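The structure appears below as structure tokens.
The values are calculated or read from the model by the stated rules, or taken from the named source; none is laboratory data. If you're wondering where the values come from, they're calculated on a predicted model, not measured in any experiment. Every residue, glycine as well, gets a Cβ built from its backbone with ideal geometry; the counts of neighbours run over all protein chains shown.
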């Protein structure tokens, strides 16, 4: 009887922990979930998402620069006496930062706060174009203006009006 | 207290239920993790696909435009390039068309590389249909039948002909007409090489006013024979400043 009582007592002890074990179990479960979610947030926002944003920004930057170069090139008419004014659309920001497109040394360069975004694309313009100058701000409308001067034609990147 | 403990019967079953929630949780977390991992792999793949080299594409389009433009280094008219200038295309011409140390460029005609700056390996290819104009000096000795006052027709259209007249000793050529128009005349006799302007819109024909017979070989024609062949001009640009951007090469 005593043996069975002791055994019963042991079992009863286990059973009495049941209430406690439920609390511990639930706390453990909640802890695991909280830990898991915080780890997930840490991994995603600490490394993966910024990396994706940077990659997207760099790709978009290259694409915008390439499109701009083609736009500038096609804005110059074949006739050496012809002038032109062409409007160009630029995204207002890349990777949540404004940027500039600058003409220098017969090429277009993109200036962005993030050094991974940007680059330089050479421009091939007709031989009578003497120089290309000016710059575009992403926040202002972009205009290419081709003007004739006695020395030859000049291509200007300017801010236009909306 | 102890009694209340006793009132519950299926204790072990309860513990199992607690365990089963934990197992379910672990399973759920595992599923979410695997799904997330798979998503990230797909996203990485998608990003790899987007690296298509827009800069090299822009440079290739510009260069091909510049090469076939009327004021370009090798073109005689829009989309018509001079065959000999095309084969003498220099690296400097390519640099003026947009090639740099970063953007390697190669120009090929019908798959044969003509000139290159750097060594483009892959990259973006722009192909254009162009006419390659080749001109060479053609010399013909037309057959003359009829003896005195012969007429000859050559199935050629050109705007300038060098006419070589070497009459036999007892013959004098006094006049040459082309299309009813007198182009050469000398009562004392024509002998030697004469440049004659002709109409490029009609077949070459000459009529000779002679005293005495003229035979085959006494008149020779030399002219610029221009020929225009269709060809595919391919401009390959490889951005060697960036990784990736595969594709095909020519």
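Return the residues of the range A:45-66 that are facing chain B (nearest Cβ under 10 Å) and either buried (at least 17 other Cβ atoms within 10 Å of the Cβ) or in contact with a strand residue (DSSP E or B) (Cβ under 7 Å, 6 or more places away or on another chain) (or both); say none if nothing qualifies. Answer for the range A:45-66, where residues must be facing chain B (nearest Cβ under 10 Å) and either buried (at least 17 other Cβ atoms within 10 Å of the Cβ) or in contact with a strand residue (DSSP E or B) (Cβ under 7 Å, 6 or more places away or on another chain) (or both): A:55, A:58, A:59, A:60, A:61, A:62, A:63, A:64, A:65, A:66.
The combined condition, being under 16 Å from residue B:98 (Cα atoms) and either without any contact (Cβ under 8 Å) to a residue 40 or more places away in the chain or more than 14 Å from chain B (Cβ to nearest Cβ) (or both), is fulfilled by residue A:70.
Just checking, which of B:83, B:98, B:123 is more than 12 Å from chain A (Cβ to nearest Cβ) and touching a helix residue (DSSP H, G or I) at 6+ places or on another chain (Cβ under 6 Å)?
Among B:83, B:98, B:123, only B:123 is more than 12 Å from chain A (Cβ to nearest Cβ) and touching a helix residue (DSSP H, G or I) at 6+ places or on another chain (Cβ under 6 Å).
Listed conditions (1) more than 14 Å from chain A (Cβ to nearest Cβ); (2) farther than 30 Å from residue B:204 by Cβ; (3) at pLDDT below 85 are all met by residue B:145, apart from (2).
Taking strands (runs of 3 or more DSSP E) as the structural unit, those lying wholly within the range B:170-237 and holding at least 2 residues that are surrounded by 16 or more Cβ atoms within 10 Å (Cβ to Cβ) and touching a residue at least 12 places away in the same chain (Cβ under 8 Å) correspond to B:172-178, B:181-185, B:204-211. Tell me whether the range B:158-178 contains one or more residues that are more than 14 Å from chain A (Cβ to nearest Cβ), more than 21 Å from residue B:53 (Cα to Cα) and under 27 Å from the mean Cα position of the chain (by Cα). The answer is yes; a qualifying residue exists. On the stretch given as the range B:71-86, residues that are touching a strand residue (DSSP E or B) at 6+ places or on another chain (Cβ under 6 Å) and in a loop (DSSP other than H, G, I, E, B) total 2. Among the candidates A:90, A:108, A:157, the residue that is in contact with a strand residue (DSSP E or B) (Cβ under 6 Å, 6 or more places away or on another chain), touching a residue at least 60 places away in the same chain (Cβ under 8 Å) and surrounded by 13 or more Cβ atoms within 10 Å (Cβ to Cβ) is uniquely A:157. Is it the case that some residue within the range A:133-141 is in a strand (DSSP E or B), surrounded by 15 or more Cβ atoms within 10 Å (Cβ to Cβ), within 14 Å of another protein chain (Cβ to nearest Cβ) and at pLDDT 90 or above? The answer is no, given that none of the residues of the range A:133-141 is in a strand (DSSP E or B), surrounded by 15 or more Cβ atoms within 10 Å (Cβ to Cβ), within 14 Å of another protein chain (Cβ to nearest Cβ) and at pLDDT 90 or above.
Does the range B:48-61 contain at least one residue that is assigned to a loop (DSSP other than H, G, I, E, B), in contact with a strand residue (DSSP E or B) (Cβ under 8 Å, 6 or more places away or on another chain) and either within 10 Å of chain A (Cβ to nearest Cβ) or surrounded by fewer than 15 Cβ atoms within 10 Å (Cβ to Cβ) (or both)? Yes: the range B:48-61 contains one or more residues that are assigned to a loop (DSSP other than H, G, I, E, B), in contact with a strand residue (DSSP E or B) (Cβ under 8 Å, 6 or more places away or on another chain) and either within 10 Å of chain A (Cβ to nearest Cβ) or surrounded by fewer than 15 Cβ atoms within 10 Å (Cβ to Cβ) (or both).
Scanning for something closer than 30 Å to residue A:129 by Cα, crowded, with 18+ Cβ neighbours inside 10 Å and over 16 Å from the mean Cα position of the chain (by Cα), does the range B:119-141 turn up at least one residue? Scanning the range B:119-141 turns up at least one residue that is closer than 30 Å to residue A:129 by Cα, crowded, with 18+ Cβ neighbours inside 10 Å and over 16 Å from the mean Cα position of the chain (by Cα). Every listed requirement among (1) farther than 14 Å from residue A:136 by Cβ; (2) touching a helix residue (DSSP H, G or I) at 6+ places or on another chain (Cβ under 9 Å); (3) loosely packed, with under 14 Cβ neighbours inside 10 Å is met by residue A:125 save one, (3).
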